[in-house]
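Have a look at the structure below before the remarks.
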């Protein structure tokens, strides 16, 4: 056992202090950079157990630890195009959709897709 | 209430690994991995200017709608998550988008953001970016 500290506040000598609930609540619970198409793969990630190619422009990212509810924040940015999240979230995965920025209907696979999840873990 | 006065947090078993318990208590996660490694708000109008930032050393105007951002402390690889948004126009339904330049070679310390308005390259009045990944 390496040791455990229970504290409500962390204070730096010059940079101020922060309540530790901001550390827990404010930390990203997952993030990923992934490519879609050929290949559809995780390049680097945290809190992501696997990636499923769900069709052109669609990637399902499975969370390593489940969120406590489906009401969490998922944000993303894609390479030289646009992205959105589809409307069927789950506590254990989210679906990323990349499309040509000139038309929401034009799904495309991209080499660079980025997403971050904030919220409450179960 | 308890309070810790400290300038540095370092894992005891592994220096870069401090575990925190989840909100619901059912899981634990690595503190370092959840922290944003940099963020920046800047304007692309006229002379590109940083309004506020963390771990961003400088920005460079690379053309209309394009900004190159350089980190103060580098990531461990060129593979990290970059998430951004932009604001432009005066209406609620203006079509503004923010993307990662795919023809720019991302390195462990430099990346480029590309903003558009109505599907064309455009200098955003405000741009926002956050990075997550592994610091070197």
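Throughout, read-outs are computed from the coordinates displayed, never taken from laboratory work. Predicted model only: the values in this text are computed from it and were never measured. Cβ sites come from the backbone with ideal geometry, for glycine too, and all protein chains shown count toward neighbours.
Some notes on this structure:
- Percentage relative contact order, the stretch A:29-118, counting C-alpha pairs under 8 Å, at least six apart: 35 percent
- Our estimate of slack between residue B:46 and residue B:109, defined as 0.36 nm per intervening residue step minus the Cα-Cα distance, is 20.2 nm.
- By DSSP, the beta bridges lying fully in the protein assembly as shown are antiparallel in about 95 percent of cases.
- For the protein assembly as shown, the spherically averaged projection of the C-alpha convex hull amounts to 14.8 nm².
- Counting, for every residue in B:118-126, the Cβ atoms of other protein chains within 10 Å of its Cβ and taking the mean gives 1.
- Residue with peak Gaussian network fluctuation, chain B [Cα springs, cutoff 10 Å], from B:24, B:84, B:16: B:24
- Peptides A:44-53, B:70-79, ordered by how many other C-beta atoms sit within 10 Å of their residues on average, highest first, read A:44-53, B:70-79.
- Mean partner shielding of peptide B:32-38, defined as the number of other chain Cβ atoms within 10 Å of each residue Cβ, is 5.
- Its Cα gyration tensor gives chain B an equivalent ellipsoid. The semi-axes, each the square root of 5 times an eigenvalue, are 33, 17, 14 Å from largest down.
- Estimated inter-spin distance, residue A:4 and residue A:22, nm [label 7 Å along Cα→Cβ]: 2.6 nm
- Values of log10 I(q)/I(0), in the order q = 0.19 Å⁻¹, for the stretch B:25-74 under a Debye, Cα-only, solvent-free model: -0.66
- Take each residue of peptide A:82-90, count the partner chain Cβ atoms within 10 Å of its Cβ, and average: the result is 1.
- Förster radius 22 Å - calculated FRET efficiency between residue A:42 and residue A:105 (Cβ-Cβ, nearest 0.05): 0.25
- Cα-Cα pairs of the stretch A:1-57 separated by more than 12 Å (percent): 76 percent
- Put simply, the C-alpha atoms of the stretch A:29-118 give a gyration tensor, and the ellipsoid matching it has half-axes of 20, 14, 11 Å, longest first.
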